[in-house]
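First up is the structure itself, then whatever we jot down about it.
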Amino acid sequence: MKELGWWRLLGLCVIVALFLFVMFGLPLPATAPQRPLLAGAEVPPAVQSVLERSCQDCHSYNTTWPWYARIAPLRWYVTRDVEKARRALNLAEWETYSPAEKHRLLTRMADVSRLHQMPPPAYIFGHREVIEYHADRVALEEWAKQEAGRLAGGDGSTP
Ligand code: HEC
């Protein structure tokens, strides 16, 4: 009977350790801050700073994980969101997109800026520095349209 008690205690410890590991111990997806954003595009400094402040956390490898990203179940939400965002538009992989894909993404960037769709409201809530983004929204939209036009050879058509 006594023997069984020890085994139970050990089993409980293993379960607790496993639980803590899943909660706090798993590594977060990799970051690579040295990768430049929008390599090959003509980006004015004002637009560059908007992208760095408001977009690169999700749309590049230069992700600063918030403290709560270490804690499940928030971790699952945050990491999945960033993975989805990187897949949709990765500013650090810009040179790998075809001209047509770049054109589409630039047009989408102008759209999401105009329509206040990005950054997502939950992100703005947690990042007070992004509030300023609303003032820079127009600059981002104008630039994205202009860059899309430049790619298309000036006539605005899809390359
Ligand atoms: C908190 C993370 C987060 C931030 C910050 C963020 N985005 Fe996004 N973005 C996403 C996610 C997630 C998606 C993919 C949505 C989907 O697939 O449903 C997305 C999609 C997009 C798309 C659509 C791409 C396509 O294929 O049509 C564009 C464009 C975009 N974001 C631009 C921006 C810009 C510009 C900023 C900064 C001003 C920004 N995002 C900031 C998470 C983010």
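No value in this document is a laboratory result; all are computed from the given coordinates. Note that the coordinates shown come from a computational prediction; the quantities given were computed from them, not determined experimentally. Neighbour counts run over all protein chains shown; Cβ positions are idealised from the backbone, glycine included.
Can I get the semi-axes of the chain's equivalent ellipsoid? Compute them from the C-alpha gyration tensor as square roots of 5 times the eigenvalues, in angstrom, largest first.
On the way: eigenvalues 382, 51, 28 Å².
Equivalent ellipsoid of the chain: 44, 16, 12 Å, largest first.
Each residue of the stretch 27-37 was assigned a 3J(HN,Hα) from its phi angle through the Karplus curve 6.51 cos²θ - 1.76 cosθ + 1.60 (θ = phi - 60°); the sequence is x, 7, x, 5, 10, 8, x, 7, 5, x, 8 Hz, with glycine and proline shown as x. Measure nothing fancy, just the Cα-based angle from helix 133-151's long axis to the longest principal axis of the chain, in degrees from 0 to 90, nearest 10. Around 60 degrees separate the two axes. In the chain, the calculated helix contribution to ellipticity at 222 nm averages -17500 deg cm²/dmol per residue, counting -39,500 (n - 2.57) for every DSSP H run with n ≥ 4. Could you tell me how many degrees, from 0 to 90 and to the nearest 10, lie between the Cα long axis of helix 45-54 and the main elongation axis, the longest principal axis, of the Cα atoms of the chain? Approximately 30 degrees, to the nearest ten.
Which whole-angstrom value gives the distance between the alpha carbon centres of the stretch 1-33 and the stretch 97-111? If we compute the Cα centre of each part, the gap is 45 Å. 3J(HN,Hα) along the stretch 112-124: 5, 5, 5, 8, 6, 8, 10, x, x, x, 4, 6, 4 Hz, from the Karplus curve 6.51 cos²θ - 1.76 cosθ + 1.60 with θ = phi - 60°, whole Hz, x for Gly and Pro. Checking every one of the GluC sites (Glu not before Pro) in the stretch 1-104 against DSSP loop status and a limit of 15 other Cβ atoms within 10 Å picks out Glu42.
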